[in-house]
Structures are given as C-alpha cells and as structure tokens.
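Right, one structure below, let's go through it.
No lab work stands behind these numbers, since they all come straight from the coordinates. Keep in mind that this is a model prediction, so the values were computed, not measured. Positions of Cβ are backbone-derived with ideal geometry, glycine not excepted, and every protein chain shown enters the neighbour counts.
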Amino acid sequence: MRTAFHWLAIGVLAPALPLAAQDLEWHEQLARDFLQELIEIDTTHGTGSTTVAAEAMAAHLLEAGFPMADVQVLEELPRKGNLVARYRGRGEGARPLLLLAHLDVVEANAADWTVAPFEFLERDGYYYGRGTLDDKDEAAIHIANFIRMRREGFMPDRDIIVALTADEEGGDDNGVEWLIENHRALVDAELGLNEGGGGNIRHGRKLSHSVQTSEKVYLSYTLEVLNPGGHSSRPEKDNAIYRLADALGRIRDHALPVALNETTRAFFAGTADLEEPELARAMRGVLQTPPDPAAVELLSSIPAYNALLRTTCVATLLAAGHAENALPQRALATVNCRILPGEPVREVQETLTTVVADSQVKIAPIDVARPSDPSPLSRQVLEPIERITEELWPGVPVIPSMSAGATDALYLRNAGIPMYGVSGVFVDIDDNRVHGQDERISITSFFEGQEFLYRLTKELAMIAED
C-alpha cells in the first residue's frame, strides 16, 4: 500500500472583497466555474484521475486562504485521489459536520451522446456533461460555499469537513472506505450530508424534497449450471442453457414479501398526498396492517415503488456455451439483488435456492454484503431541512426516502456517522439522466441547490441551544 500526501503550495491570491449584493452573483459564478472545471477533468475509473480533480479543488481553497494543513489530497493508488478539507470552527466540543461528494463518474461513450460528455456545455437552461448530476454538482457547490463562508467571516460552532472522494461508482476501494480505515480522524463527524436525496419535479411543478436516510444492500449472485454437453446434432432436453433459463424464469415470477420500515412508511405516507387518487389510495392501503393486497399489486407494477416495497433480485448478465455446433457445457448468469435494510442476507440466498428448486443450479454470492442501518429521522436534521425548504420553495413537503441504489453513505453509517442524502437540487422525475445519455442539470436547480446547501450547512454547523 502506498499513501501519498499532496501539499499544494499556492499562495493566497484572492483579496477580501466587500460584501454587497453582487456577492451572490460572484459565488454562483464560482460554483459554475468549478463545475465546468470538474466536468472537463476525466474522472472515470478506466482512463480518468480523481487526483487531478481533487488537486484542482484543493488549489481553489488554498488560493482563498485556507491553511495548507487543512487542505489535503490523499491517495492510495495513482489516479485515485481524495480531497479532505476542514473549515475550522470555535471548537465548542461538538464533533464536525461532514459534507460528502464523489469525484469519480461512470463511463460515458461519446458515440452514444449527442453532446461531448467531457466538455461543459450550457444550452437551453441546462448544464450538460458527465457528472453534472452525479455528483460533481455537489462537489462544486461545497467548495464554492466553503469559500463564500470564509469571505463572509462565518464562524461555526463545530468544524465543517468537505470530503470529495474516489471510487464511489464501483471501482476499487480507494475512497470513503479507505479514508475511514486509514484516516478516520480526518473524516470523523457527528453527522453528514451526501447525495441520494433531492427535489422532484413533474410537468414543471416542484412536488417534494426527499431526504435519503437509508439504502438497500447491494449483493449479486452467480447462478451456474454445468453439463457434459455433446454434439448439437443430437440435442437433449437436459441442456445447461434451458435449465438456467428455467431458473431465471422462476426468479422473475417470484415477488419477495412486502416489508416496510420507518423511512418507507414515511415516504408512502407523505407521497400519498401528492399522487393522483388511485395511487394515493394504494399508498395508504399498503400502510395498513396487513397491507391491502390490491394496493400491493398496483404499487408493485411501478418499478420505482416496487423497489421500496421489497427486496428485489433481477438477472443482469448472461454467458453460456462455447460453440454454435455444440451443446453447452456451462451456463452462467448474474442476478443482482437489492436487499432491504435489516433483512438477513443469508435468507436471500435461501429464498433464491427455494425458488429455483433445482440442485443442479449452483447459487453463490459474488462478494460480501455490506448492510448499513438507517440514519434516524432526527428532528435536529429534519427541522432545518423543512424550514429552509419552506423558505425557498413554499408548500413543498420534505419526505424521507430510502435509496434503491447504493452510495458511500453506507460506510459512514457503519462507522457510526448518521448520513442524510439531501441537496436542494430538483430534477424532473420523468427525465432523470443520472448515469445516462446527455446527462444534464437545470441551471436554476443548480443555483437553488447551492443556496439550499449553503443555508443548511451553516445551520447544522451551529450547536442548537436547549
């Protein structure tokens, strides 16, 4: 293992400017420029470097006057750098507030895009580029807000930490997990903010502002069938591909049981007030004890809601055979499961084995599951989120949510640091391009998110009086 500390010796070049109305435009421009800089740095797992991005953001903090000792770029492997920066508070005894965002992005095939994925483009009220929504927008916002707060002379009660990390998108473990294991003191906090939540828009109307307090457990399994094979001119019904296909069909047709938790109950209760009457009745019906079967059936037909009702398992990869004129000797499938928090992982494999009901289909986990307990629905956190949301977007409700996907918050929750996914960035729920073609963020939503996170960061950085 190699650990490198990069100390960027850049002088303090930005003079203190008088605070005036134009400062708001100045800090928005700062966030926009940082976002452009980050988008145009390739930080994909295969060819990019989060170290370059981390050093670029570190340079801006040092230029703004942050002490060199409080701005560190750390990496275990080349191209896998993490930025950890600290905004010093009064030291009132409270542990810090952590602001988390990841610098790495998923691959983007330029041939599939109508715009260049690693060139920042402003068009039709949007910023385009890989990472504009996931998650370089929040990285740029946090760095710009750090500089804004310093210029304003803001003195928090507790320290504030920004961690811009590597490897959230499925690379090696050089990001949050590595920081916790090797540099715990740098990221230790009482609570933290991360991606995973945000605002929802439909038909131009802001519907709700979600706070992610939990996430499902990611675990994939291989299903493998072996067979002696033979010549394709003498087919047999005992065929590895057919046997595997039958097993996958049984998994497809089996719905795991409904199991709601504190977060998903709050989600359906809050969302019912926003949905059309039929869906609203179903959401209230699923909250009954026992859940109304008709309500379960309707919500299960909608993938986004089905994912919140139960553990899900789905076939994602397939490989079989070795020649077109030979019976297959091996058939292999990958089944990806997203397991509800608190559900014993071993029971999922037991369920798959029961459902497949074929001893010749060997089922094995690909990796080790990493469960994490939900963050509590703490009024200390939810109250300021609700109040600031009402200030910026009157009438928009705040609704707790569980992510069907995975974020780096799980490592911090397992380290005893409650994490809350919330951003103030609103996205059209019918046109969410995260991980997709022509990823983009609304310019208005970007700056609204910046203002929301600025206010929330300042609020959570102060210790509430009894």
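What the table below lists for this structure:
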item: Hz values of 3J(HN,Hα) by residue in region 145-159 - Karplus curve (6.51, -1.76, 1.60), Gly and Pro given as x; result: 5, 4, 5, 4, 4, 5, 4, 7, x, 5, 10, x, 6, 10, 5
item: Share, in percent, of DSSP beta bridges within the chain that are antiparallel, nearest 5; result: 70
item: Rel. contact order, % - alpha carbon contacts under 8 angstrom, at least six apart, region 50-180; result: 35
item: Length added when fully stretched, Ile366-Arg281, from 0.36 nm per residue minus Cα-Cα; result: 26.6 nm
item: Nearest-20 debye value, region 259-299 charge dipole, Cβ charges on Lys, Arg, Asp, Glu; result: 140
item: For region 223-264 versus region 307-385, the gap between their alpha-carbon centres in whole angstrom; result: 14
item: Pairwise FRET efficiency - Glu383 versus Asn325, Cβ, R0 = 56 Å, nearest 0.05; result: 0.25
item: Gyration tensor over alpha-carbon atoms, region 259-299, equivalent ellipsoid semi-axes in Å; result: 14, 13, 7
item: Gained length - Asp173 relative to Glu350, 0.36 nm times residue gap less alpha-carbon distance; result: 60.9 nm
item: Debye log10 I(q)/I(0) for region 25-130, one point scatterer per Cα, at q = 0.18, 0.20 Å⁻¹; result: -0.99, -1.14
item: Ranking of Leu103, Leu453 by count of other Cβ atoms within 10 Å, fewest first; result: Leu453, Leu103
item: Efficiency of FRET from Cβ geometry, Glu236 and Asp430, R₀ 56 Å, rounded to 0.05; result: 0.70
item: Low-density loop positions, GluC sites (Glu not before Pro), region 394-466 - DSSP coil, at most 12 other Cβ in 10 Å; result: Glu465
item: Positive-pole candidate from Ser208, Asn261, His183, dipole of the chain, charges at beta carbon; result: Asn261
item: Net dipole in debye of the chain [+1 Lys, Arg Cβ; -1 Asp, Glu Cβ; about Cα centre; nearest 20]; result: 800
item: Over the chain, relative contact order from alpha-carbon pairs under 8 Å, at least 6 apart, %; result: 22
item: Fraction of alpha-carbon pairs over 34 Å apart in the chain - percent; result: 39
item: Semi-axes of the equivalent ellipsoid for region 365-447, Cα gyration tensor, largest first, Å; result: 26, 21, 10
item: For the chain, calculated [θ]222 nm from helices alone, where every DSSP H run of n ≥ 4 adds -39500 (n - 2.57); result: -10500 deg cm²/dmol
item: Ile366, Ile39, Ile388 arranged by Cβ crowding within 10 Å, fewest neighbours leading; result: Ile366, Ile388, Ile39
item: Exposure proxy order (Cβ contacts within 10 Å, fewest to most) of Lys206, Lys136, Lys237; result: Lys237, Lys206, Lys136
item: Extension gain, Gln288 back to Arg95 (0.36 nm per residue minus Cα-Cα distance, nm); result: 65.5 nm
item: Karplus-derived 3J(HN,Hα), 6.51/-1.76/1.60, for each residue of region 95-108, Hz, glycine and proline x; result: 5, x, 9, 10, 10, 10, 8, 9, 8, 6, 10, 6, 4, 9
